[in-house]
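Quick one: structure below, then a few questions.
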Amino acid sequence: MQSNEELKQQVIEKVKSNGISLITLQFVDIFGTAKTCAIPPREIEEALDNGIGFDGSSIEGFARIYESDMRLIPDPTSFTILSPRITNKKVATIFCDVYRVEGKPFEGDPRHILRRNLDEAKKMGFNYYVGPELEFFLFKYTDGIEPVPQDHGGYFDLAPLDLAFEVRGEAAATLEDMGIQVEMGHHEVAPGQHEIDFRYGDALHVADAVITYKYALKAIAKKHNLFASFMPKPLFGVNGSGMHVHQSLWTRDKNAFFDKNGKYGLSETALYFIGGQLQYIKEILSILAPTVNSYKRLIPGYEAPVYICWGRRNRSALIRVPEYFIGREKSIRAEIRCPDSSTNPYLAFAVMLKAGLEGIKNKIEPPEPVDEDVYEFDDAQLKEFYIDQVPGSLGEAISFTEKSMLAKSALGEHTFTRFIEGKKKEWKEFSMAVTNWEWQRYLAVL
């Protein structure tokens, strides 16, 4: 394993050998909004050694005005060069950890929060790997308020129904240029909806990749006079966009979720992990689906999980265990289907992991899997299978999170408090807003 000094030297050498003209330093606020500043290449060594100062009080959820001085410390393992498909300039980017001026990690830094939870998993002998699937829409630029899908294709359609083959191809090549290994791209169910999947990896660097992915997709779409939207439910009456996350725990080179003699081929570790996530899902949902719009996606009938259960082939379940081929036991995993791309991936992976680890620690048995279409169940069947439902709005979800000791432990008191404050404010503003729907519905009768 390379030392931090060796990794720093590699970054410095790459900057010189590739003729880099500008380096952007990236981090995110507690709501997952990307932030950046830029330095010339001559400053990279100083930045790697001592960081770059900034005003933390100007970042959402970070610090009060009297404790604002902070530093960005670049993580050399995250260094990448922007694809020439995005810019014809030699620009590199690197993700940063946020530190207080006295040299301690800032407790509200989302990267630090995820690291802390990953360290807890390592103490239990596990590494946490994830593979998110980000769905998105491509829309045309118009003068109207309503977005217009770029095409009218459906799931896995070809041209001429799928008009975004070239866009997806260029986006996939862009991600590959930047070190993100693409596995597959295709048209999704709704008009103008798409998905490009990339290879699973350790949760920290995959969270970095999610931020890079969204930036790259928006940049490539703009080149084609389109805009890419990761909004969970941008259109009424069609499927919304989720960020399903495939998860597994590993001990060295062994998938800890697999047991050839276990029930369904799953180890006790896997079953307890699933049990923990099902038990705590209400408490962490406001972090996985953190916007008002998220809950317009989480409704029955549009392939979004509403009912708290798990299954093996069942895409209506909250957690699905995909089938694996004989000889591909390492691929066994648990796919949680309620997150969407409006989440902060660092916080999402942190609370998902924390819930799973609590399941393992406390040996939380999941209920029996449900392999029928839960959307077709009536109230009696839901009661028979002890199937509960996820919160139906951001306001309801926040009320569960606010009481959650697990969420507070995973996020830390600083971020937990700031997150709840911010989301309560968002819900209050939405509740007071008068919408176009209300005008159309009531103007004629009131």
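So the check is Cβ under 6 Å with 6+ separation or different chains; which pairs have a first residue in region 8-30 that's closer than 21 Å to T212 by Cα and open to solvent by less than 30 Å² (accessible area, probe 1.4 Å) and a second one that's of a type in the set (G, A, S) and in a loop (DSSP other than H, G, I, E, B)?
D29/G61; I30/G61
Report whether or not Y215 is under 25 Å from L82 (Cβ atoms), touching a residue at least 12 places away in the same chain (Cβ under 8 Å) and open to solvent by 70 Å² or more (accessible area, probe 1.4 Å).
So Y215 fits the description; yes.
Inspect all residues belonging to region 65-83 and state whether any of them is over 24 Å from M352 (Cα atoms), charged (D, E, K, R) and either surrounded by 19 or more Cβ atoms within 10 Å (Cβ to Cβ) or touching a residue at least 60 places away in the same chain (Cβ under 8 Å) (or both).
Among the residues of region 65-83, at least one is over 24 Å from M352 (Cα atoms), charged (D, E, K, R) and either surrounded by 19 or more Cβ atoms within 10 Å (Cβ to Cβ) or touching a residue at least 60 places away in the same chain (Cβ under 8 Å) (or both), which makes the answer yes.
Hey, another quick one. If only one of G179, G125, G131, G185 is in contact with a helix residue (DSSP H, G or I) (Cβ under 6 Å, 6 or more places away or on another chain) and under 29 Å from V321 (Cα atoms), which one is it?
Just one listed residue meets the conditions, G185.
Counting just the residues of region 396-435 that are open to solvent by 100 Å² or more (accessible area, probe 1.4 Å) and either touching a Lys or Arg at 6+ places or on another chain (Cβ under 9 Å) or in a helix (DSSP H, G or I) (or both), which one comes out modelled with the lowest pLDDT?
M432
Sticking with this structure for a sec: Go through E102, E107, E120, E183 for me and flag whichever is closer than 30 Å to L48 by Cα and free of Cβ contacts under 8 Å to residues at least 40 places away in the same chain. It would help to see each step written out before you state the result.
On the way: E107 fails: free of Cβ contacts under 8 Å to residues at least 40 places away in the same chain; E120 fails: free of Cβ contacts under 8 Å to residues at least 40 places away in the same chain; E183 fails: closer than 30 Å to L48 by Cα.
On inspection, the qualifying residue turns out to be E102.
Scan region 22-41 and give yes if some residue there is over 30 Å from D340 (Cα atoms) and among the charged types (D, E, K, R), otherwise no.
No, region 22-41 has no match at all.
Ok, one more. Looking at the structure I just gave you, is N225 among the polar types (S, T, N, Q) and either out of contact with any Phe, Trp or Tyr (no Cβ under 8 Å at 6 or more places or on another chain) or within 22 Å of L82 (Cβ to Cβ) (or both)?
Yes: the conditions hold for N225.
Could you list, in sequence order, the residues of region 162-179 that are open to solvent by 50 Å² or more (accessible area, probe 1.4 Å) and touching a residue at least 24 places away in the same chain (Cβ under 8 Å)?
The answer is E166, D177, G179.
The values are calculated or read from the model by the stated rules, or taken from the named source; none is laboratory data. The structure presented is a predicted model; accordingly, all values stated were derived computationally and were not measured. Because the Cβ atoms are built from the backbone with ideal geometry, glycine has one as well, and the counts that use them run over all protein chains shown. Protein only, heavy atoms only, side chains kept; ligands, DNA and RNA dropped before computing areas. Shrake-Rupley method; radii C 1.70, N 1.55, O 1.52, S 1.80 Å.
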